[in-house]
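The values are calculated or read from the model by the stated rules, or taken from the named source; none is laboratory data. Everything quoted here is computed from the prediction, not taken from an experiment. Using ideal geometry, Cβ is built from the backbone for each residue, glycine included, and neighbour counts are taken over all protein chains shown.
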Amino acid sequence: MSENQQVENVIIIGSGPAGYTAAIYTARANLNPLMFEGYFAGGQLMLTTEVENYPGFPEGVMGPDFMMDLKKQAERFGTRVVTKDVTKVDFSQTPHRVEVGNDVYYANAVIISTGASAKLLGLESEKKLMGHGVSTCATCDGAFFREKAVAIVGGGDSAMEEANFLTRFASKVYVIHRREELRASKIMQDRAMNNPKIEFIWNSEITEILGEQKVTGVKLYNNKTDEHSEMALDGVFVAIGHTPNTKLFTEFLETDETGYLKVAYPSSRTNVEGVFAAGDVHDSIYRQAITAAGAGCRAAIDAERYLESIGH
Ligand code: NAP
């Protein structure tokens, strides 16, 4: 292990809109932040194509380009961005200890913005067509499917909500669910079932997403009748839940019943002094780039005030 004796003001763990915004704010506050953006830097916007709902981009912006710009903006003010994953933390001591492989760092304040990962079906074709008709965010990508036929996979509240949302654009929305009973709350089920554009396909699993450059359809397996079939589609929205990326922290930080980091709302403070959370890692409700960026700003300001309070 190689120990860095210097104690950092702020270490930011994880990137995406929350982390980069926290970096911009802490850097501009002269805190000289150190950010471990992770090997899969940039978060969920790296999985999308055009972002049309982030204010300030009247023509839209490509998700990956947007993240590169946020990173540049953070670096312009002196953020040291390291493209590595944090492998271990110890928040039981101050300054807090952060391990990155064999390197050990210490910081008076830590901002966690490791995000949440959308669960995926795990198909090769899903990976290949991600951003080309496969999406994990109806709010982000629904508007690209005007007058098209799309499918939502899942039977929970997210799937129902996204199915309803997609009917604003799509001509037809199929809900493909692996059972014949929904997990979603009654009110969300009723809303979806009463929507004439939504059709349910029960007991069905997608075995392959078809298409070369973009989605053209799916192969289905009916687990009740044992039948295989194909259907033509323009888009597939996977809405089978999210997993907050909290594994590194749960020994020290409290989470809610769904596994998201708990903060002392409206602040970004976790239960450990000097440790703050921002973005999807603590937000199971809004999950938008703009709300994550806002949370990153909040965490930076909280960290700055905390450091001031302890005399740094
Ligand atoms: P969820 O409740 O965990 O539902 C996930 C759905 O995906 C389930 O129907 C599950 O099927 C299915 N699924 C999981 N893995 C699958 C796989 N590998 N292949 C095919 N299907 C799979 O997740 P969620 O809908 O994202 O909701 C998460 C939480 O947020 C819930 O507490 C929910 O109530 C809340 N939420 C609330 C609202 C609202 O009230 N407006 C909106 C969105 C979310 P099974 O049913 O067979 O397990």
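What to note about this one:
- Tabulated pairs, the range 138-161, first without any contact (Cβ under 8 Å) to a residue 40 or more places away in the chain and under 21 Å from Leu123 (Cβ atoms), second near the ligand (Cβ under 8 Å from one of its atoms) and outside any helix (DSSP H, G or I), C-beta under 6 angstrom, 6+ apart or interchain: Gly155/His177; Gly155/Leu182; Gly155/Arg183
- Residue within the range 104-112 that is free of Cβ contacts under 8 Å to residues at least 40 places away in the same chain and more than 12 Å from the ligand (Cβ to nearest atom) present: no
- The range 220-234, residues that are within 15 Å of Glu180 (Cα to Cα) and among the hydroxyl-bearing types (Ser, Thr, Tyr): Tyr221, Thr225
- Search result, residues across the range 85-111 that are surrounded by fewer than 14 Cβ atoms within 10 Å (Cβ to Cβ) and closer than 21 Å to Val281 by Cα: Thr87, Lys88, Asp90, Ser92
- Matching residues in the range 278-312 - criterion: being within 16 Å of the ligand (Cβ to nearest atom) and over 22 Å from the mean Cα position of the chain (by Cα): none
- Cβ separations smaller than 7 Å between residues 6+ apart or across chains give the following pairs from the range 248-260 residues that are more than 10 Å from the ligand (Cβ to nearest atom) to residues that are among the basic types (Lys, Arg) and assigned to a loop (DSSP other than H, G, I, E, B): Glu254/Lys262; Thr255/Lys262; Asp256/Lys262.
- Only one of the listed residues (Ala184, Ala151) is within 14 Å of the ligand (Cβ to nearest atom), among the aliphatic types (A, V, I, L, M), part of a loop (DSSP other than H, G, I, E, B) and not assigned by TED's automatic domain parsing to the domain that holds Arg269. That residue is Ala184.
- Residue that is modelled with pLDDT under 95 and acidic (Asp, Glu), where the choices are Glu230, Glu257: Glu257
- In the range 187-217, the residue that is farthest from Leu166 (Cα to Cα) out of those that are of a type in the set (Ser, Thr, Tyr) and part of a strand (DSSP E or B) is Thr207.
- Enumeration of residues in the range 3-37 that are modelled with pLDDT of 95 or more and either among the basic types (Lys, Arg) or more than 14 Å from Val81 (Cβ to Cβ) (or both): Val7, Asn9, Pro17, Ala18, Tyr25, Arg28, Ala29, Asn30, Leu31
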